[in-house]
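Trainee: Take a look at this one; I'll ask things after.
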Amino acid sequence: MSALRFSDTISAALTEAILVVTIDNAPVNALSANVRAGLMAALDHAEKSEDVAGVVLTGAGNSFIGGADIKEFGKPPVEPLLPEVISRIEALGKPVAAAINGAALGGGLEVALACHRRLAAPTAKLGLPEVKLGIVPGAGGTQRLPRLIGTAAAIDLIANGRIISATEAKTLGIVDGVSGDALLADTIADIKTTSAASLRCTGVLSVPSEALEAIDKAAADALRKARGQRAPAEAIRLVRLAATTPLQEGLAEERRTFIELRDSEEAAALRHVFFAERAAGKVEGLEAIAPRKIETVGIVGTGLMGSGIAVAALNGGYRVIGVEQSAQAAEKGRDRIAGLLDKAVQTGRLDAAGLEDRLSRLAVTADMQQLAEADIVIEAVFDDLTVKTELFQHLDTIVRADTILATNTSYLDPNVIASATQRPERIVGLHFFSPAHIMRLLEVVNCKQTAPDVLATALALAKRLGKLPVVSGVTEGFIGNSIFSAYRREAEYMIEDGALPHEIDVALETYGFPMGLFAVYDMAGLEIAWARRKRQAASRHPTERYVVIADRLCEAGRFGQKSGRGWYAYPDGKRRIDPEVTAMIEAARAEKNIAPKHFTADEIVARLLKAMADEGETLLSGGIAARASDIDLVMINGYGFPANKGGPMFAAGRR
Ligand code: T1G
């Protein structure tokens, strides 16, 4: 078996007259310029070598090919471009097979689609997720995939950016086989039975005809989820085009669209989010710190938050001990947790075996002593300093010395709680967002005395819970609620200055928020912020601008949707502009002799973005947030900031 090298990342070996070409470009075998050049050289070699009867492409490590090299976007293109490599594969006079050993995503799947045969490992993941980056496939995906699996199925995968298993890929007809632990040998055997005369070139297949309703339904479903993003609509247009357009024309239109989208603001924002998510869980100096072993998670309080956290922990494979104040409360807590799991079964996200496995790892009790077995205890009790402090002091007498204690508080100071306990170094904040088993965002609060391995353990736990961890220092409201408070304060200043709630909400929804700020306020209830403002009244700086309108609404019993009236009226459960509120706003302005001014939607958005970004800068300079992109992730994943705008820090920077 002679070894050949075609570039730093492309090597090959001749086995039974088959040239096995291995892509080795850690960490995900992205299609960098070096990979593309090496592949071209390997294909040239295969074509002219008498002793090569066929080619097998495979990847080193866990990926087949993780896609085009996103880090090259925005830089001058380097030959050979991916479409050239892909055409070379498809047009090679000898059979080429893909041994899909791992992730085949984006350009990676496009390379596989140009091959004449495809076998996948059972663990392989396949997809064309380009729309998640604000672009469309740019190397044949929208034209070759429908030729293999039909228009409706191709729209479903491409316009939703859906990633599928090897089994589903086989069912759909994307791969010819799923092979166990002899993938390479099976692929070599397969390609040896493929004669040059019977090469199946995906690009020359015609798109199978199918019912228009199925195609239209797939398109409508994808557009509904797209929430105004351009790429999904463009992907649908290109996939539909494949059925009526010769391959080369379709490829040209796809490439033109890809380049236009790749250079768009929306794609720049989504690429920023992609890399931000991968930077988020990294903390300077923690790389060498080993996290503690966590198998059993204790949760004190199985109410709304506690039950969600319990489900997340059960989904993460942990044993869970829930604790309540009484046997009756414990039974209710267990029912709440089981109810959430049942809902997952009903929606097909969990099967019966999974449900049984989770329930077998769950205990809910009134006996606090059972927490002696826990490796970490997360408290999700009433957000009161005394309650939480006394609970942790009690836990000090029950849990092991190396058990971590985590508080889920949203607003209290975890340093105060920690300093009242025997071992403050084992205390960390885990601020979940409700519903805790659904929302990905988890603020990991690094308290003053939190030990490095406790922080490392919290981050490892977050990842296993499938959460997006963002580390926050200690300040009131941590990162998310600090920015949200600044954003809400600025919006109320604008109300006093002349804007109306619905004008601000429409501007935000047009910008991309799923719901405007005042609509969210009414849904969450005004009384929580009112209570906090009253708590802070004594310490508020006398010169600080203060808007009384929200207080006036609460004093009038207008606590939001649940009281039928808040910033809006809800006469029939539907949100309506309320002239009474407008009158209250006008009266408040008159008391301060404010002559109301008109704000355009763009002025509203610009002013709110600036308020968020200014608060973000304060958090960065105060060491509360480690990087601007962390702040973007918190606002996108916890507060509805549109991902295709990149987050407040990114968006403010682009303006
Ligand atoms: N390009 C460059 N770097 C990438 C990359 C890519 N495509 N994918 C991952 N990385 C980096 C990532 O930033 C991180 O870097 C490290 O690899 C590990 O990533 C022409 C134009 C493949 C499933 O959208 O989904 O092809 O932080 O933590 O959890 O039509 O990475 O270590 O410095 O995610 O094992 C389409 C994106 C591109 C797939 C592996 N492809 N990647 O998950 O590792 S556009 C994608 C992923 C395209 C074509 C178009 C995942 C993964 P660092 P990771 P992982």
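Trainee: Between a first residue in region 236-247 that is over 22 Å from residue 221 (Cα atoms) and a second residue that is basic (Lys, Arg) and not in a helix (DSSP H, G or I), which pairs have beta carbons less than 7 Å apart while being 6 or more apart in sequence or on different chains?
Mentor: none
Trainee: From the list 51, 44, which residue is outside any helix (DSSP H, G or I), within 28 Å of residue 17 (Cβ to Cβ) and free of Cβ contacts under 8 Å to residues at least 40 places away in the same chain?
Mentor: Going through 51, 44 in turn, just one is outside any helix (DSSP H, G or I), within 28 Å of residue 17 (Cβ to Cβ) and free of Cβ contacts under 8 Å to residues at least 40 places away in the same chain: 51.
Trainee: Determine which member of the set 616, 653 is within 25 Å of residue 133 (Cα to Cα) and at pLDDT below 95.
Mentor: Going through 616, 653 in turn, the sole match is 653.
Trainee: If you don't mind, there's one more thing I want to ask. Name the residue that is nearest to the ligand (Cβ to nearest atom), counting only residues in region 15-29 that are free of Cβ contacts under 8 Å to residues at least 60 places away in the same chain and buried (at least 18 other Cβ atoms within 10 Å of the Cβ).
Mentor: So the residue we want is 25.
Trainee: In region 581-633, which residues are touching a residue at least 60 places away in the same chain (Cβ under 8 Å) and under 16 Å from residue 280 (Cα atoms)?
Mentor: If the condition is that a residue be touching a residue at least 60 places away in the same chain (Cβ under 8 Å) and under 16 Å from residue 280 (Cα atoms), then 616, 619, 623, 624, 625, 626, 627, 629, 630, 631, 632, 633 are the ones that fit.
Trainee: Any residue that is assigned to a helix (DSSP H, G or I), touching a helix residue (DSSP H, G or I) at 6+ places or on another chain (Cβ under 8 Å) and among the aliphatic types (A, V, I, L, M) - is there at least one of those in region 314-322?
Mentor: Yes, region 314-322 contains at least one residue that is assigned to a helix (DSSP H, G or I), touching a helix residue (DSSP H, G or I) at 6+ places or on another chain (Cβ under 8 Å) and among the aliphatic types (A, V, I, L, M).
Trainee: Out of (1) under 14 Å from residue 101 (Cα atoms); (2) within 16 Å of the ligand (Cβ to nearest atom), the odd one out for residue 158 is which?
Mentor: It fails just one condition, (1).
Trainee: Restricting to region 539-561, what's the tally of residues that are at pLDDT 90 or above and in a helix (DSSP H, G or I)?
Mentor: Selection size over region 539-561: 8.
Trainee: If I filter region 351-369 for residues that are of a type in the set (Gly, Ala, Ser) and surrounded by 20 or more Cβ atoms within 10 Å (Cβ to Cβ), do I get at least one hit?
Mentor: No, because not a single residue in region 351-369 is of a type in the set (Gly, Ala, Ser) and surrounded by 20 or more Cβ atoms within 10 Å (Cβ to Cβ).
Trainee: Can you find a residue that is surrounded by fewer than 22 Cβ atoms within 10 Å (Cβ to Cβ), within 15 Å of the ligand (Cβ to nearest atom) and closer than 28 Å to residue 250 by Cβ anywhere in region 42-60?
Mentor: Scanning region 42-60 turns up no residue that is surrounded by fewer than 22 Cβ atoms within 10 Å (Cβ to Cβ), within 15 Å of the ligand (Cβ to nearest atom) and closer than 28 Å to residue 250 by Cβ.
Trainee: Also, I was wondering about something else. Among the listed residues 408, 415, which satisfies the condition of being polar (S, T, N, Q), in the same structural domain as residue 432 (by TED's automatic domain parsing) and within 26 Å of the chain's Cα centre (by Cα)?
Mentor: Checking each option against the conditions leaves just 408.
Trainee: When the residues of region 128-155 are narrowed to those that are more than 20 Å from residue 83 (Cβ to Cβ) and in contact with a helix residue (DSSP H, G or I) (Cβ under 7 Å, 6 or more places away or on another chain), which ends up nearest to the ligand (Cβ to nearest atom)?
Mentor: The extreme case among them is 132.
The values are calculated or read from the model by the stated rules, or taken from the named source; none is laboratory data. No experiment lies behind these values; they were computed from the predicted model shown. Cβ sites come from the backbone with ideal geometry, for glycine too, and all protein chains shown count toward neighbours.
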